[in-house]
Amino acid sequence: MRRLGIHGLAAAAIVAVSLTLGILGYHFVAGLSWIDALLNASMILTGMGPVDMLRSDTAKLFASFYALFSGVVFLVTASILVAPIAHRLLHRLHLEEEEEGGGGGVGQGARRTRLPTRKS
């Protein structure tokens with residue numbers, strides 16, 4: 001539970017920093033008011049799309065790069081949130097390959113389940 005909380009805080013921090021970058025960019029580059037910059041940045045970050053029409057080429061370039069950045073942030077955030085759950089699930093299922101020769105190493109003494117091999 002502690003690991004999930006830490007990962008949740010990390011994901012929230014990434015989203016907060018990304019939203020702040022978007023707000024600052026829309027305000028200073030596109031010339032939008034603070035509330036409109038917040039609206040546009042949050043809509044792009046959540047994948048809904050832009051709200052205000054951008055007039056300058058610089059603002060359009062910023063919006064384009066921010067949209068690409070937001071897609072990557074979405075994938076990273078989802079991965080950070082799913083990682084501790086997947087990790088716990090794999091531990092519960094004991095899915096790991098057994099080493100040849102009954103080798104020791106990390107997890108020595110843990111119950112191991114052999115993965116099924118494909119017969120041809």
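The values are calculated or read from the model by the stated rules, or taken from the named source; none is laboratory data. Keep in mind it's a predicted model, so treat the numbers as computed, not measured. Here the Cβ is made from the backbone with ideal geometry for all residues, glycine too, and neighbour counts use every protein chain on show.
Here are a few things to note about the model shown:
- Looking only at residues of the range 7-29 that are among the β-branched types (V, I, T) and free of Cβ contacts under 8 Å to residues at least 60 places away in the same chain, we find that the one that is nearest to V73 (Cα to Cα) is V17.
- Of all residues in the range 1-40, exactly one satisfies the criterion of being surrounded by 14 or more Cβ atoms within 10 Å (Cβ to Cβ) and among the charged types (D, E, K, R), namely D36.
- Qualifying residue in the range 13-29 (condition: of a type in the set (A, V, I, L, M, F, W, C) and not in a helix (DSSP H, G or I)): yes
- Note on the range 30-45: residues that are out of contact with any Phe, Trp or Tyr (no Cβ under 7 Å at 6 or more places or on another chain), touching a residue at least 24 places away in the same chain (Cβ under 8 Å) and assigned to a loop (DSSP other than H, G, I, E, B) total 1.
- Residue, modelled with the highest pLDDT, within the range 88-104, restricted to residues that are under 26 Å from the mean Cα position of the chain (by Cα) and either surrounded by 13 or more Cβ atoms within 10 Å (Cβ to Cβ) or among the acidic types (D, E) (or both): R88
- Residue count for the range 64-87, restricted to those that are more than 10 Å from the chain's Cα centre (by Cα), exposed (fewer than 14 other Cβ atoms within 10 Å of the Cβ) and among the hydroxyl-bearing types (S, T, Y): 1.
- For the range 41-63, taking the residues that are under 23 Å from the mean Cα position of the chain (by Cα) and surrounded by 13 or more Cβ atoms within 10 Å (Cβ to Cβ), the one that is modelled with the lowest pLDDT is identified as P50.
- Scanning the range 47-83 for residues that are closer than 15 Å to V15 by Cα, without any contact (Cβ under 8 Å) to a residue 12 or more places away in the chain and among the hydroxyl-bearing types (S, T, Y) returns a single hit, S79.
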